[in-house]
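Worksheet for the structure shown next.
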Amino acid sequence: MNKVVVIGCGKVGMTYIYALINQMNNVDQIIMIDVDKEKLEGERLDLCHTLQFAPNNILVKVGDYNDCNDAAIIVITAGIPQSSNDRLDDLEKNNVIYKNILTEINKTNFNGILLIASNPLDVMTYLAYHYSKLKPHQVLGTGTSLDSARLSYYIAEKLEVSPKSIHAYVLGEHGASQFVAWSKANIAQQNMSRFLDEKEKQELEEKTKNAAYEIIKRKGSTYYGIAMALQRITNAILKDEEIILPVSNYDQENDVYISTPCILGKNGVKERIFMDLDKQEEEKLTHSISIIKNAIQSVTNKKEH
């Protein structure tokens, strides 16, 4: 049985669950955990009334941490709403939330995949690993999968092609130090430089980096994009697709979680893909790693896992 436990059922968590129900997948059960059980029961009833029209017959329940024992995937979206243009500003409060959540998970026999969607994403993914009893490949974050999707959308919009025809990655931190690996970006195996000049690249990169803040400024929060990214990663794991996505994964050499392309399968991160970046991009990746490491060190003494 493929059970998915969602911890934190605010806008992101509920939109993710709704996306799961609407997609063909291998999910059998969805368990919702949050502090407001009364609201969750209302959410459950509303969702269950959609099953007549859904492609799958998924059991949706309000549960507790005991449901983690036999879960295939635990998705954590819990955390305080983003309060500024820098995701790192919310670190201290979310660290406390994660300590409490992982303490409860550690009381169970959970041995599946832990998928993180709380900000600051890479730091919270590291802390989830740090506080858990799991191996590095079992813990991953959504990373720059959404950022890369946003980039593809903006490039496609400008060039009037489908986003599915764009092959480009945003790498590094899911945050201010992220960067585009333009040296490897392409359309139909033609380097992106054939279609975009340097000024256009810079404009599109900035637009991608600021996309979340533009949405937050207008509607208060973002949730559709990240929910679909979570759904895509969930399916890749449960179907053992071995698809490549830029997710936040463990960099053993630097002892951080950071976004690079990874092969995803039933055991989480099957393999990290090392891209042949140019010198400037390598420097940007090193900078991004240092930003994340400093943030981690600000909230933990980095005891041995």
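The values are calculated or read from the model by the stated rules, or taken from the named source; none is laboratory data. Since this is a predicted model, take the numbers as computed values, not measurements. Note that we place each Cβ from the backbone using ideal geometry, even for glycine, and neighbour counts take in every protein chain shown.
For the reader, a short list of remarks on this structure follows.
- Lone qualifier among 222, 234, 208 - being surrounded by 14 or more Cβ atoms within 10 Å (Cβ to Cβ) and assigned to a loop (DSSP other than H, G, I, E, B): 222
- Hey, residue 6 aliphatic (A, V, I, L, M), crowded, with 21+ Cβ neighbours inside 10 Å and assigned to a helix (DSSP H, G or I) or not: no
- All positions within the stretch 137-196 that are in contact with a Gly (Cβ under 8 Å, 6 or more places away or on another chain), polar (S, T, N, Q) and closer than 30 Å to residue 111 by Cα: 138, 144
- Residue within the stretch 254-262 that is under 16 Å from residue 170 (Cβ atoms), exposed (fewer than 14 other Cβ atoms within 10 Å of the Cβ) and outside the structural domain of residue 133 (by TED's automatic domain parsing) present: no
- Single residue of the stretch 145-164 satisfying the filter (polar (S, T, N, Q) and touching a helix residue (DSSP H, G or I) at 6+ places or on another chain (Cβ under 7 Å)) that is surrounded by the most Cβ atoms within 10 Å (Cβ to Cβ): 145
- Some residue of the stretch 199-214 being among the small types (Gly, Ala, Ser) and closer than 26 Å to residue 16 by Cβ: yes
- Test: residue in the stretch 215-231 that is within 15 Å of residue 143 (Cβ to Cβ), of a type in the set (A, V, I, L, M, F, W, C) and out of contact with any Ser or Thr (no Cβ under 8 Å at 6 or more places or on another chain): yes
- Residue in the stretch 196-204 that is more than 23 Å from residue 261 (Cβ to Cβ), without any contact (Cβ under 8 Å) to a residue 24 or more places away in the chain and either assigned by TED's automatic domain parsing to the domain that holds residue 30 or part of a loop (DSSP other than H, G, I, E, B) (or both) present: yes
- Restricting the stretch 92-138 to residues that are part of a loop (DSSP other than H, G, I, E, B) and in contact with a strand residue (DSSP E or B) (Cβ under 7 Å, 6 or more places away or on another chain), the residue that is surrounded by the fewest Cβ atoms within 10 Å (Cβ to Cβ) is 132.
- Residues in the stretch 264-305 that are under 18 Å from the mean Cα position of the chain (by Cα) and under 18 Å from residue 181 (Cα atoms) were compared, and the one that is surrounded by the fewest Cβ atoms within 10 Å (Cβ to Cβ) is 273.
- Look at (1) of a type outside the set (S, T, N, Q); (2) under 19 Å from the mean Cα position of the chain (by Cα); (3) buried (at least 17 other Cβ atoms within 10 Å of the Cβ) and you find that residue 216 fails only one, number (3).
- Candidate set: the stretch 234-260, residues that are more than 18 Å from residue 296 (Cα to Cα) and hydroxyl-bearing (Ser, Thr, Tyr); chosen: the one farthest from the chain's Cα centre (by Cα): 260
- Selection status of residue 35, assigned by TED's automatic domain parsing to the domain that holds residue 114 and outside any helix (DSSP H, G or I): yes
- Which numbered condition residue 183 fails, given (1) within 19 Å of residue 288 (Cα to Cα); (2) more than 13 Å from the chain's Cα centre (by Cα); (3) not in a helix (DSSP H, G or I): (3)
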